[in-house]
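Asks: Below is one structure. I have some questions about it.
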Amino acid sequence: MPMTSRVVFGVLLLISILLMTVYAREGEDGVLHSIQDGVQSIMLPISSVGAAGEAALDGVGQGITDLTADPQTLSGLREQNEQLRAMVAQSEEYRQEAERLQELLNLTNRYGVSGVSAHIIGRSTDAWNQTVSIDVGSDAGVKTGMTVMAAAGVIGQVASVTPNSAQVRLLSDPQSGAAALLQSSRAEGIVRGSLDGLLYLENISADTDVQAGDVVLTSGLGGSYVSGLLIGTVARVEGSPGDASRRILVTPNSTATSMEEVTVVFETNSSNSNRASSGSSSSDASGATAGQSSSDEAADEGAADEYDETEES
Amino acid sequence: MGSPSRPWILKTVVAVIAVLAQIILAPYITIGPAEPNFMAIAAIAIALAVPGYSSYGFSFGLGLGFDLLGGGPVGTMALTLVVINALAVLAYRMLGNDTLFMSYVILFVGLLAMELLYGILLLAFGFEVSFGAMLVWRVLPCTLYNCLIGLALYPVIRHFAKKGAPTDSIPTASVGVHGL
């Protein structure tokens, strides 16, 4: 029945175009967006099965790797462990000294992070989006736009929220962009994800000297990410200073692993101190970057790679 | 031969398996940038194995499901699969060749066209990547992966479709070309 086929084809085509048009025109709180969030939320228990399976396989793989590690690898790891212990002891000394100085100068610790803990329980079901699902939502105070961190650094930003879950768009997603700065030179730019899964630092002025190993932090500009959080380190610079088309690759300090614990950052203590001095009562994390006091900037120079992590339920 | 409800049973089973595989399996069996699209493979395979106007609805449903489960614009994969379904059926009928080889050719070309069309629609929606990067890092790798999976799954679907279908529902060259 060719006419029936044509009618059905035409109707479905029209419905699809209508859905696309409505989705494009409505905001994040629109009907289709809400339905999409709802469906993803409903499917989370099913997707967590896959996440648990991946975590289990990762554990088995790691166990096999550990068992079959050669003596050279083990001795190298022991040596590295000793070096790290020494660095931790030294860092603890610096931290205590910084605390004493802060008390003397009546400054607050601006590197405390407050937020809520969550677990990664699912991943995006298509190749075009790099997102993960976490098991906390608006009931726990999570809002769209909040920064999400794993143990060692920023992994992404909350893209959508339901009462008990949230979708996090990873830094590696091509649609992601984080205002960033280089710790050494304080030069500001934007870290963007890409289809090849790499992070690129863009919009850095051409005359800024960028070296492999430079630490990249969130700058907080534009309010998209909380400031002062670790993104990663410069892996490679393709081009030279003065070359406007150079590409700066960034290795993220953290990646999103299934069932891994992450923190949704509500605010850092720097935003607390800024609001206290300005008299604002907003608790939205996007307000965390509303300027910095000059005394805070003077106090934090060179200490940006240390922070304490605290949790609030 | 076969009951009229067999194609619906087959489609339901294939749809459920495709959705579950997309949620539970697909995100964790990526190879580099390539992630399989079980729902699209199922839609095009069913369109070839059980051709008819009802397969448009099947493609639309799976496409809409894909959009709702993922982060892309709702309606995009639905539109893509309906169009690819129509083109695949048209090619199948015009060629008038019911061999497995020809079905594979149409399936693989359909999967490539699906990824390409979906990518183009995303670019139209403002996806901030270049066409070349999209082609190299998503369209081609995902198509290759989908084809490998389709290579294994299509014969199974076709087998069960042929077992249950009445003989006059399989189009051949002698039936003539009816277009859509």
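Asks: Which pairs have Cβ atoms under 6 Å, sit 6 or more apart or on different chains, and link a residue in segment A:220-235 that is without any contact (Cβ under 8 Å) to a residue 24 or more places away in the chain to one that is open to solvent by 30 Å² or more (accessible area, probe 1.4 Å) and among the small types (Gly, Ala, Ser)?
Replies: The qualifying pairs are A:Thr233/A:Gly213.
Asks: Within 7 Å of chain A (Cβ to nearest Cβ), of a type in the set (Phe, Trp, Tyr) and open to solvent by 10 Å² or more (accessible area, probe 1.4 Å), is that true of B:Tyr56?
Replies: Against the criterion (within 7 Å of chain A (Cβ to nearest Cβ), of a type in the set (Phe, Trp, Tyr) and open to solvent by 10 Å² or more (accessible area, probe 1.4 Å)), B:Tyr56 does not qualify.
Asks: Which of (1) more than 7 Å from chain A (Cβ to nearest Cβ); (2) under 25 Å from A:Ser47 (Cα atoms) is the odd one out, the single condition B:Thr76 does not satisfy?
Replies: Condition not satisfied by B:Thr76: (1).
Asks: Identify, please: which residue in segment A:52-91 is under 20 Å from B:Pro27 (Cβ atoms) and in contact (Cβ under 8 Å) with a residue 12 or more places away in the chain and is, among those, nearest to the other protein chains (Cβ to nearest Cβ)?
Replies: Here the answer is A:Glu54.
Asks: In this structure, is B:Leu111 at pLDDT 95 or above and open to solvent by 70 Å² or more (accessible area, probe 1.4 Å)?
Replies: no
Asks: Also: A:Val49: surrounded by 11 or more Cβ atoms within 10 Å (Cβ to Cβ) and at the interface with chain B (Cβ under 8 Å from one of its Cβ atoms), yes or no?
Replies: yes
Asks: If the Cβ limit is 6 Å and pairs must be 6+ apart or interchain, which residue in segment A:13-30 that is more than 7 Å from chain B (Cβ to nearest Cβ) pairs with which residue that is of a type outside the set (S, T, N, Q) and open to solvent by less than 80 Å² (accessible area, probe 1.4 Å)?
Replies: A:Val22/A:Leu32
Asks: Shifting gears a bit: Only one residue in A:Ala159, A:Ala152 is modelled with pLDDT under 95, over 8 Å from the mean Cα position of the chain (by Cα) and more than 19 Å from A:Ser124 (Cβ to Cβ). Which one?
Replies: A:Ala152
Asks: Then there's this: Quickly run through segment B:27-42 and pick out the residues that are assigned to a helix (DSSP H, G or I) and either modelled with pLDDT of 95 or more or among the charged types (D, E, K, R) (or both).
Replies: Once the filter is applied, which keeps residues that are assigned to a helix (DSSP H, G or I) and either modelled with pLDDT of 95 or more or among the charged types (D, E, K, R) (or both), segment B:27-42 yields B:Phe38, B:Met39, B:Ala40, B:Ile41, B:Ala42.
Asks: Take the residues in segment A:31-46 that are under 25 Å from the mean Cα position of the chain (by Cα) and more than 7 Å from chain B (Cβ to nearest Cβ); name whichever of them is farthest from B:Ser59 (Cα to Cα).
Replies: Restricting to residues being under 25 Å from the mean Cα position of the chain (by Cα) and more than 7 Å from chain B (Cβ to nearest Cβ), the top hit is A:Pro45.
Asks: The conditions are (1) within 24 Å of A:Thr125 (Cα to Cα); (2) in a strand (DSSP E or B), and A:Gly189 fails exactly one of them. Which is it?
Replies: (1)
Asks: Any residue in segment A:2-11 that is within 8 Å of chain B (Cβ to nearest Cβ) and of a type in the set (Ser, Thr, Tyr)?
Replies: yes
Asks: Scan segment B:62-76 and give yes if some residue there is in contact with a helix residue (DSSP H, G or I) (Cβ under 7 Å, 6 or more places away or on another chain), in a loop (DSSP other than H, G, I, E, B), of a type in the set (A, V, I, L, M, F, W, C) and within 26 Å of B:Leu123 (Cβ to Cβ), otherwise no.
Replies: yes
Asks: Report, by residue number, each residue of segment A:31-46 that is open to solvent by 50 Å² or more (accessible area, probe 1.4 Å) and either in contact (Cβ under 8 Å) with a residue 24 or more places away in the chain or among the aliphatic types (A, V, I, L, M) (or both).
Replies: A:Val31, A:Ile35, A:Ile42, A:Met43, A:Ile46
Asks: I would also like to ask the following. Just to be sure, is B:Gly119 out of contact with any Asp or Glu (no Cβ under 7 Å at 6 or more places or on another chain), within 11 Å of chain A (Cβ to nearest Cβ) and surrounded by fewer than 17 Cβ atoms within 10 Å (Cβ to Cβ)?
Replies: In short, no.
Per-residue answers, yes or no, for (1) touching a residue at least 40 places away in the same chain (Cβ under 8 Å); (2) within 14 Å of another protein chain (Cβ to nearest Cβ); (3) open to solvent by 30 Å² or more (accessible area, probe 1.4 Å):
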residue: A:Ala150; (1), (2), (3): yes, no, no
residue: A:Val158; (1), (2), (3): yes, yes, no
residue: A:Asn164; (1), (2), (3): yes, no, yes
residue: A:Gly193; (1), (2), (3): yes, yes, no
residue: A:Leu198; (1), (2), (3): yes, yes, yes
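Asks: Tell me the residue from A:Asp139, A:Asp173 that is in a loop (DSSP other than H, G, I, E, B), among the acidic types (Asp, Glu) and surrounded by fewer than 24 Cβ atoms within 10 Å (Cβ to Cβ), please.
Replies: Selected residue: A:Asp173, the only one of A:Asp139, A:Asp173 that is in a loop (DSSP other than H, G, I, E, B), among the acidic types (Asp, Glu) and surrounded by fewer than 24 Cβ atoms within 10 Å (Cβ to Cβ).
Asks: Name every residue in segment A:180-198 that is out of contact with any Asp or Glu (no Cβ under 7 Å at 6 or more places or on another chain) and closer than 19 Å to A:Thr131 by Cα, in order of residue number.
Replies: Hits for segment A:180-198 are A:Val191, A:Ser194, A:Leu195, A:Asp196, A:Gly197, A:Leu198.
Conditions tested, residue by residue: (1) touching a Lys or Arg at 6+ places or on another chain (Cβ under 7 Å); (2) open to solvent by 30 Å² or more (accessible area, probe 1.4 Å); (3) at pLDDT below 70.
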position: A:Val215; (1), (2), (3): no, yes, no
position: A:Ser227; (1), (2), (3): no, no, no
position: A:Pro241; (1), (2), (3): no, yes, no
position: A:Asn253; (1), (2), (3): no, yes, no
position: A:Gln292; (1), (2), (3): no, yes, yes
position: A:Glu297; (1), (2), (3): no, yes, yes
position: A:Asp300; (1), (2), (3): yes, no, yes
position: A:Ala304; (1), (2), (3): no, no, yes
position: A:Thr310; (1), (2), (3): no, yes, yes
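Asks: Restricting to segment A:19-30, name every residue that is closer than 17 Å to B:Leu79 by Cβ and either open to solvent by 50 Å² or more (accessible area, probe 1.4 Å) or under 22 Å from the mean Cα position of the chain (by Cα) (or both).
Replies: The answer is A:Thr21, A:Val22, A:Ala24, A:Arg25.
Asks: Separate question: Could you please find all residues in segment B:132-158 being away from every other protein chain (no Cβ under 11 Å) and of a type in the set (Phe, Trp, Tyr)?
Replies: Across segment B:132-158, the qualifying residue is only B:Tyr154.
The values are calculated or read from the model by the stated rules, or taken from the named source; none is laboratory data. Note that the coordinates shown come from a computational prediction; the quantities given were computed from them, not determined experimentally. For neighbour counting, all protein chains shown are included, and Cβ atoms are generated from backbone atoms with ideal geometry for every residue, glycine included. When the accessible area is computed, the model is the full protein with side chains, heavy atoms only, and any ligands, DNA or RNA have been set aside. Shrake-Rupley method; radii C 1.70, N 1.55, O 1.52, S 1.80 Å.
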